[in-house]
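The values are calculated or read from the model by the stated rules, or taken from the named source; none is laboratory data. All values reported here derive from a predicted model rather than from experimental measurement. Glycine also receives a Cβ, built like all others from the backbone with ideal geometry; neighbour counts cover every protein chain displayed. Remember, those area values only see protein heavy atoms, side chains included, never the ligands or the DNA or RNA. Shrake-Rupley method; radii C 1.70, N 1.55, O 1.52, S 1.80 Å.
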Amino acid sequence: HHHHSRTRTIMNLVQYILLLLVRFLKKCFQIISNVIRSIFGGSGSNNGEMEMTNRTLTFQSEGSRRKNHPRTVRINKQIAEGGFSYVYHASDESTHRTYALKRMNCGTDRDLVRLCKKEAGVHRSLNHASLLKLLGFQMEQKEDGGG
């Protein structure tokens with residue numbers, strides 16, 4: 001029994017270290033994005049995000065049961081902002097369930113696009129009570145040719 005509690009302690013420690021690592025990386029991303037924003041003149045950078053609210057998005061659902069039932073959500077408001085991603089409060093048009101919708105701006109850089117896809121893949125594979133499940137994911141290109 002003693003061995004079991006030690007394993008749990010190690011697991012908790014690993015989780016804690018990962019948490020700190022994530023926080024540190026987020027901080028780095030924020031610093032980097034702030035630097036990028038200041039270089040490229042970030043004054044109008046948020047206008048595009050304001051346009052996102054009240055938009056409806058339709059995407060294929062994860063999971064075999066609802067394979068052919070695309071999910072349509074309306075974006076209500078922005079609730080968080082990260083390095084190069086934004087999180088919105090969204091609600092399902094038909095069921096009125098609420099969701100968190102994360103929009104990542106991958107740009108046109110191929111490595112960055114790959115990184116975005118990888119993050120979605122990692123998120124999809126995670127299954128934990130404290131984490132929101134990834135329900136759907138889609139890539140879209142901006143009308144102006146940007147990523």
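Of the accessible area of segment 55-125, with the probe set at 1.4 angstrom, what percent is carbon plus sulfur?
With neighbouring chains kept in place, the figure for segment 55-125 is 49 percent.
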Checklist line | Area accessible to solvent at Val87, 1.4 Å probe radius, in Å² | finding: 40
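Check each of the trypsin sites (Lys or Arg not before Pro) in segment 97-143 and keep only those in coil by DSSP with at most 13 other C-beta atoms within 10 angstrom; list them in order.
Working: sites: Arg97, Lys102, Arg103, Arg110, Arg114, Lys117, Lys118, Arg124, Lys133, Lys142; in loops: Arg97, Lys133, Lys142.
Within segment 97-143, the qualifying trypsin sites (Lys or Arg not before Pro) (loop, at most 13 other Cβ atoms within 10 Å) are Arg97, Lys133, Lys142.
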Note to self: Test of understanding: express the Cα radius of gyration of segment 55-125 as a ratio to 2.2 N^0.38 Å, with N the residue count.
What the structure shows: 1.20
Next item on the list: Step through the residues of segment 125-137 one at a time and calculate ³J(HN,Hα) from phi using the Karplus curve (6.51 cos²θ - 1.76 cosθ + 1.60, θ = phi - 60°), rounding each to whole Hz and writing x for Gly and Pro.
Entry: 7, 7, 9, 8, 4, 8, 10, 6, 6, 7, 9, x, 7
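Given R₀ = 35 Å, what would the calculated FRET efficiency be for Ser94 paired with Ile31, taking r from the Cβ atoms and rounding to 0.05? Show your work: numbers first, answer last.
Numbers: r = 41 Å, r/R0 = 1.17.
With R0 = 35 Å, the Cβ-Cβ based efficiency is 0.30.
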Next item on the list: Would you grab the residues whose amide H sits under 5 Å from the one on Gly82? Only those 5+ places off in sequence or on another chain, please, with H modelled 1.01 Å from N.
Entry: Val87
Item checked: Tyr99 long-range amide H proximity, modeled H, under 5 Å -> Ala90, Ser91, Asp92
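With a Förster radius of 30 Å, plug the Cβ-Cβ distance of Asp109 and Phe59 into 1/(1 + (r/R0)^6) and report the FRET value to the nearest 0.05. It would help to have the intermediate numbers written out before the result.
On the way: r = 23 Å, r/R0 = 0.76.
Approximately 0.85, to the nearest 0.05.
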